[in-house]
Structures are given as structure tokens and as C-alpha cells.
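Input: a single structure, listed below in C-alpha cells.
The values are calculated or read from the model by the stated rules, or taken from the named source; none is laboratory data. Everything quoted here is computed from the prediction, not taken from an experiment. For neighbour counting, all protein chains shown are included, and Cβ atoms are generated from backbone atoms with ideal geometry for every residue, glycine included. Please note that ligands, DNA and RNA were not included when accessible areas were found on the heavy atoms of the full protein model with its side chains. Shrake-Rupley method; radii C 1.70, N 1.55, O 1.52, S 1.80 Å.
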Amino acid sequence: MAAPSARCLWRALAPRHGWARAGLEQRLAAPAVVSGATARPFAAAAKPSKKGAQRTKQEKGKDKPAPRRRPLMTKPVDDVYLTWLYRRPFYDLEQAVGMLKKFQQLDFTYPGQFVYINVFLDMALKKKKLDPFSGAVVLPHRFTDEVNKVLVFTENEQEAEIARENGADIAGGLELVKWILEDEIQADFYVAVPAIISKLIPLRNKLKRKFPSTRRNSLGTDIPKMVQLFRECHEYAVQDECVIKTRIARLDMPTEHIIANLKTVIHDICTFKPPPHDPIVQRLVIRSSTSEGLQVNLDGILPQVEKAKEKEEEEERSADDEDEAEKPVQEPVST
């Protein structure tokens, strides 16, 4: 009896099951019709926010009081301390060089490593700012055997021959301009005589700071002097708008030689800012290739020419004031 009853139940449910399946397939196959009332071609407009409801992070940060920083202490009491709690110490130049030599001995590093200086500059003038510059100076004590490649511009064959005899790698006239623009010829320094400088204008954008000029002592008539200067000179340049990072010596050189090279570079840097303004060198840090940087005291390093001129001007002013004070006062003539 179970089998016939099951068949009857299947016959009773079969039409409904087929109708439901066919209807479902019809719905899936038919495209959905969207009425015009419910269509939204554009997103709804945002509600206007209340004034002062949204504030930027900067405005919120201004409301918060600035955290109070504890003043830094001068000298640590113990041997172990947190460096950021104390002021960075200043050292005399001779003491700083001695410490670098001691660091090398304790660390067993290469004794002939380079000595570097970081010079932080004040580039501000009264109404403008100094542009980043570069300089070249002959150090009193050479620490490398590198020789710079010098190119001399001149249309005079005799001057070109003199330049080659004194060590110039390349000497020539306008024929060199095309080769330089096409990067077929490159040099470390470019020197020129005044007679040809007006014809070298196409190279100004190419050479930029290396373009011959009287300010860099690369434009003049004394060819042997200029060639010798730039063959053996040490070049430095301003980086990051106000910092000069350059090497000045090797650590195994005598302390006197390292100090002499450093002072020569500093004195040359000070020539780029006129004397009436504040000193261009604000801070000086010396280090070796493997050591930390030591902050150096500037007393005795900066040139004293500016201060001497100021004293002379003050003395002249005081003398003029005394002369005016000594002059007899003329009484008004009665009529």
C-alpha cells in the first residue's frame, strides 16, 4: 500500500512543482523593468553641514596646548645617561681632532680615513637671501693625489700652448662648444680669457655654476695661475640650501695640518657674505668616516677682519663726535 500512495502524492505535486520551476526560470530570464519613479540617475545631494561642525586637524591642534619641554641640562653627572636630556657639548678645535684620533684607536678602524666637516650657514641678508654657491680653494696640506681636469677657452694659439704646458687637459676655441653641448667633452673646471667669454653664452645653462666667471677666479688673463689653481684646488658646494658637507683631511695627518685645512675652508666660505652682515657660519661639526659628529666652538676659527673693520669704524665715529664736542659754540649775534 505504501508504493501506490507515494505515486499518488507525486502525481498531485508534480504540476505545482513544474509550474514553480517554470515561473522561476521565466523571472530570471526576463529583464528587470525599472520604473521612472524609482530611477536615480544621480546621487542624492549631500546635506549641508552645520557651521563649525567639521574642523580641520590643524584647527583642532591649535586648540590643544603645546607640550611643555623641560629645559636641557648642561653636563651629565653619571657615565651612563640619556643624550637627549642634555645639551650637545662644544669642543675646542684641537680637542675635537684629538677625540677623533682617540675614537679611531679604540674602534680599530682605518687610520687613514677622511675627516669631514658640516658647516651650517646663515644665508639671510637684509632684503634678500644668498643663493646656494660653490667655491674652490687650494688647501695648505693636500690629502689626496687626485688632479682635476681643466679645460681652457681661448682663440689665441699661443695662449692655448701656454695652457697645455701648465697642465691644462684641453685648450681650444669655439670648436669646443658643440662637443661640450653633446657631452663628448667633460671637465671638472672650465677656464676662459675675457676675449672669448661673450661667445660662450650657449654654454651657460649647460655648465651652470662651472661657467667661467671672475667671482670663481676662472675668468682672467693669467692662464698659468688659473690652471694651477683648479688642478689642485678643493671644491665645496652648498647643499640643502644652507649646509656645506665636505672632506678636509685624513685622520692620520698631524693635528696642525687638519686644523690649517679646516680654517682655510672656513675663511674662504666667509668671503661669500659681505662684512657688514652677521657671520655666515653659524655652526660647525667635525667627524671622521666612522665616528660621531663633534660640535666645535667657533671662537678663533672665524676670520677677525670683520670685527677689526667694525672697531675702526666705531673709533672713527667716536673721534668725529669728540671733534664736534670740542668745537666752540657760536653765540648768536645781536642786532
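Considering only residues that are without any contact (Cβ under 8 Å) to a residue 40 or more places away in the chain and within 18 Å of PRO254 (Cα to Cα), look in segment 98-118 and name the one that is surrounded by the fewest Cβ atoms within 10 Å (Cβ to Cβ).
Pass one, segment 98-118, residues without any contact (Cβ under 8 Å) to a residue 40 or more places away in the chain: 102, 105-106, 108.
From the residues that got through so far, the ones that are within 18 Å of PRO254 (Cα to Cα) too are 102, 105.
Details: LYS102: 11, GLN105: 9.
So, considering only residues that are without any contact (Cβ under 8 Å) to a residue 40 or more places away in the chain and within 18 Å of PRO254 (Cα to Cα), the one surrounded by the fewest Cβ atoms within 10 Å (Cβ to Cβ) is GLN105.
VAL152: in contact with a strand residue (DSSP E or B) (Cβ under 8 Å, 6 or more places away or on another chain), outside any helix (DSSP H, G or I) and either of a type in the set (Ser, Thr, Tyr) or open to solvent by less than 40 Å² (accessible area, probe 1.4 Å) (or both), yes or no?
Values: in contact with a strand residue (DSSP E or B) (Cβ under 8 Å, 6 or more places away or on another chain): yes; outside any helix (DSSP H, G or I): yes; either of a type in the set (Ser, Thr, Tyr) or open to solvent by less than 40 Å² (accessible area, probe 1.4 Å) (or both): yes.
It is true that VAL152 is in contact with a strand residue (DSSP E or B) (Cβ under 8 Å, 6 or more places away or on another chain), outside any helix (DSSP H, G or I) and either of a type in the set (Ser, Thr, Tyr) or open to solvent by less than 40 Å² (accessible area, probe 1.4 Å) (or both).
Cβ contacts < 6 Å: first residue polar (S, T, N, Q), restricted to segment 269-297; second residue part of a loop (DSSP other than H, G, I, E, B), any location; separation 6+ or different chain. Result?
Correct list of pairs: GLN282/ASP122; SER288/GLN113; SER288/LEU251; SER289/GLN113; THR290/THR109; GLN295/ARG88; ASN297/ASP92.
How many residues are closer than 14 Å to VAL265 by Cβ and not aliphatic (A, V, I, L, M) if we restrict to segment 90-119? It would help to see each step written out before you state the result.
Just the residues of segment 90-119 that are closer than 14 Å to VAL265 by Cβ, to begin with: 93, 114-119.
So of that shortlist, the ones also not aliphatic (A, V, I, L, M) come out as 114, 116, 118.
Going through segment 90-119 one residue at a time, the tally reaches 3.
Could you check segment 119-140 and list, in sequence order, the residues that are open to solvent by 30 Å² or more (accessible area, probe 1.4 Å), at pLDDT 95 or above and in contact with a strand residue (DSSP E or B) (Cβ under 7 Å, 6 or more places away or on another chain)?
Residue satisfying the conditions is PHE120 alone.
Please specify each residue of segment 227-251 satisfying the condition of being of a type in the set (D, E, K, R) and within 22 Å of LEU284 (Cβ to Cβ). Outline the logic, then answer.
Just the residues of segment 227-251 that are of a type in the set (D, E, K, R), to begin with: 231-232, 235, 240-241, 245, 247, 250.
Answer for segment 227-251, where residues must be of a type in the set (D, E, K, R) and within 22 Å of LEU284 (Cβ to Cβ): GLU235, ASP240, GLU241, LYS245, ARG247, ARG250.
The conditions are (1) in a helix (DSSP H, G or I); (2) open to solvent by 20 Å² or more (accessible area, probe 1.4 Å), and ALA163 fails exactly one of them. Which is it?
Condition not satisfied by ALA163: (2).
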